[in-house]
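Asks: Right, I'll just put the structure down here and ask away after.
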Amino acid sequence: MLLNYYKERESYINDGTIMLNQHNNIFTQTELQNLEKLADQLPFEHVEIGDADEPNYLEVGRLITDIDKPKIVNQTISKQVIGIVSSKEKMEFYKFLLDKPELHIRRMQYNVMAENCFVGLHLDTDSNPDYLVACVVQLGGNFIGGDYVVYGGGIPPRSLSPTKFSVIFSNCKYEHEVTKVKSGMRKSLVFFLSTNNGKNSRIRE
Ligand SMILES: [Fe+2]
């Protein structure tokens, strides 16, 4: 499987971000359908300020929190979701993409954005300096707006319009935002990978 993705890895290294579409994907259709079914059952909280104090406006379902260290919450649903996204095959892909011998999922959440929702410009490493990549699995496709825009790296901004069941991998050292959803419902499962599985190094003694 990995041999098919050398080009994508090169793009990731050059641009800091890639998007795999529904048909060129590490997840099967059944897995993606199951992820959507499971995530839709999570309880939601309304969020207006992000971890980096950036303005946000969206509903968030929690699967793994990373306040001082990773903690699985809403376990009945979350353990099934984690089983899908961290299967042996998926972990091999993440390690290949990042060229790391070992990786851990540190944080996972489900972001649901209705009309006028957005995520302000931020750096994921402000939440945890050890985050390497954000994986964004797009589980809803019936929306307009809500582009994922990545800045930095000495090249022009890259704007991705996520389609249903696409997956974005985005380097956590690059600033990014999600533009306002103009209509419909944008639903994405987001998780962060790191080589560190211990204490959140943002927290100082
Ligand atoms: Fe982010």
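The values are calculated or read from the model by the stated rules, or taken from the named source; none is laboratory data. Keep in mind the model is a prediction, meaning the values are calculated, not measured. Cβ coordinates were reconstructed from backbone atoms using ideal geometry, including for glycine residues, and neighbour counts include every protein chain displayed. Just the protein is used for accessible areas: all its heavy atoms, side chains included, with ligands, DNA and RNA removed. Shrake-Rupley method; radii C 1.70, N 1.55, O 1.52, S 1.80 Å.
Asks: Let me make sure I get this right: for region 2-194, a, b and c are the square roots of the gyration tensor eigenvalues over alpha carbons, sorted descending. Under 1.5 in a/c it's rounded, otherwise prolate if a/b > b/c, else oblate. Which is it?
Replies: Working: a/c = 1.22, a/b = 1.07, b/c = 1.14.
Rounded is the answer for region 2-194, as its axis ratio a/c remains below 1.5.
Asks: Straight-line reach from residue 71: which lysines have Cα under 16 Å away, leaving out those fewer than 8 places along the same chain?
Replies: Partners found: 79, 199.
Asks: Kindly state, to the nearest 0.05, the FRET efficiency for residue 102 paired with residue 45, given R0 = 25 Å and r defined as their beta-carbon distance.
Replies: E(calc), rounded to 0.05, equals 0.20.
Asks: Same structure, new question: Quick one: check the C-alpha center-to-center distance for region 1-55 versus region 147-205, whole angstrom.
Replies: Result: 9 Å between the Cα centres.
Asks: Follow-up. Could you tell me which trypsin sites (Lys or Arg not before Pro) in region 114-205 are loop residues by DSSP with no more than 16 other beta carbons within 10 angstrom of their beta carbon?
Replies: Working: sites: 158, 164, 173, 180, 182, 186, 187, 199, 202, 204; in loops: 164, 173, 180, 199, 202, 204.
Filter output for region 114-205: 164, 173, 180, 199, 202, 204.
Asks: So which GluC sites (Glu not before Pro) in region 57-155 pass both tests, a DSSP loop state and at most 15 other Cβ atoms within 10 Å of the Cβ?
Replies: Numbers: sites: 59, 89, 92, 102, 115; in loops: 102, 115.
Counting only loop positions with at most 15 other Cβ atoms within 10 Å, the GluC sites (Glu not before Pro) in region 57-155 are 102, 115.
Asks: Now a separate question. Given a 1.4 Å probe and heavy atoms of the protein chains only, how would you sort 125, 76, largest accessible area at the top?
Replies: Numbers: 125 30, 76 115 Å².
Final ranking, largest accessible area leading: 76, 125.
Asks: Out of 73, 112, 190, any idea which swings most in a Gaussian network model of the chain, alpha carbons joined below 10 Å?
Replies: So, out of 73, 112, 190, the one fluctuating most is 73.
Asks: Here's something else I'd like to know. Give the cross-link partners of residue 7 among the aspartates and glutamates, using a straight C-alpha distance below 16 Å as the criterion and excluding same-chain residues fewer than 8 apart.
Replies: Candidates past the 8-residue exclusion: 15, 99.
Asks: Ignoring everything but the protein chains, give the 1.4 Å probe accessible area of residue 143 in square angstrom, nearest 10.
Replies: Ignoring ligands and nucleic acids, residue 143 comes out at about 30 Å².
Asks: Whenever you get a sec, compute what percent of the accessible area on region 1-65 sits on carbon and sulfur atoms (1.4 Å probe). If you can, show how the numbers build up before the last one.
Replies: Numbers: 1730 of 3680 Å².
Solvent-exposed carbon and sulfur of region 1-65 make up 47 percent of the total.
Asks: If you roll a 1.4 Å probe over the heavy atoms of the protein chains, what accessible area per residue do you get for the chain, in Å²?
Replies: Numbers: 9930 Å² over 205 residues.
In whole numbers, the chain has 48 Å² accessible per residue.
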